[in-house]
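Q: Have a look at this one before I ask anything.
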């Protein structure tokens, strides 16, 4: 996590919220100490100031948007022939997604997802959206 933060400008860093799942690497004492020191009151996850709703991956843009979008862009022209081509495709996909964020539909559906989560009492709800 600290590598991502090192590349951010201080004014941006103070507005970023960190979200994590309950993976052991995210809930280690070192990870939680780092989050509390660098993102006090601005992180969501197990043991954090904002608990993540249980069994609600449908609220995570990484789960319902990013990984599928990255995969479709990385493999747009077929399977990369080399590791170097794969890395280049991943970097290009990340840049293109970052440039397109304002136009991406998921940003407009978040309120609908939040309401569906409440209605489903924290259970999976993707199939109802």
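Q: Taking region 101-119, which residues are in contact with a helix residue (DSSP H, G or I) (Cβ under 9 Å, 6 or more places away or on another chain), exposed (fewer than 12 other Cβ atoms within 10 Å of the Cβ) and at pLDDT 80 or above?
A: Once the filter is applied, which keeps residues that are in contact with a helix residue (DSSP H, G or I) (Cβ under 9 Å, 6 or more places away or on another chain), exposed (fewer than 12 other Cβ atoms within 10 Å of the Cβ) and at pLDDT 80 or above, region 101-119 yields only 119.
Q: Going residue by residue through region 79-86, is there one that turns out to be at pLDDT 80 or above and within 30 Å of residue 127 (Cβ to Cβ)? Quick ask: steps written out before the conclusion?
A: So the first thing to find is which residues in region 79-86 are at pLDDT 80 or above, and the list is 79-86.
Okay, now just the ones that are also within 30 Å of residue 127 (Cβ to Cβ), so none.
No - not one qualifying residue is present in region 79-86.
Q: If you don't mind, another one. Given the options 73, 42, 13, name the one that is modelled with pLDDT under 80 and either surrounded by fewer than 13 Cβ atoms within 10 Å (Cβ to Cβ) or more than 21 Å from residue 109 (Cα to Cα) (or both). So that I can check it myself, show each step before the final result.
A: Numbers: 73 fails: modelled with pLDDT under 80; 42 fails: modelled with pLDDT under 80.
Sole residue among the options that is modelled with pLDDT under 80 and either surrounded by fewer than 13 Cβ atoms within 10 Å (Cβ to Cβ) or more than 21 Å from residue 109 (Cα to Cα) (or both): 13.
Q: Please verify whether region 81-99 includes one or more residues that are part of a loop (DSSP other than H, G, I, E, B) and either surrounded by 11 or more Cβ atoms within 10 Å (Cβ to Cβ) or in contact with a helix residue (DSSP H, G or I) (Cβ under 8 Å, 6 or more places away or on another chain) (or both). It would help to see each step written out before you state the result.
A: First, the residues of region 81-99 that are part of a loop (DSSP other than H, G, I, E, B): 81-82.
After this cut, where a residue has to be either surrounded by 11 or more Cβ atoms within 10 Å (Cβ to Cβ) or in contact with a helix residue (DSSP H, G or I) (Cβ under 8 Å, 6 or more places away or on another chain) (or both) as well, the list is none.
For region 81-99, residues part of a loop (DSSP other than H, G, I, E, B) and either surrounded by 11 or more Cβ atoms within 10 Å (Cβ to Cβ) or in contact with a helix residue (DSSP H, G or I) (Cβ under 8 Å, 6 or more places away or on another chain) (or both): absent.
Q: Evaluate the following for residue 122: is it modelled with pLDDT of 90 or more and at positive phi?
A: Details: modelled with pLDDT of 90 or more: no; at positive phi: yes.
So residue 122 does not fit the description; no.
The values are calculated or read from the model by the stated rules, or taken from the named source; none is laboratory data. Computed from a predicted model, the values in this text were never measured in an experiment. Note that each Cβ is placed from the backbone with ideal geometry, even for glycine, and that neighbours are counted across all protein chains shown.
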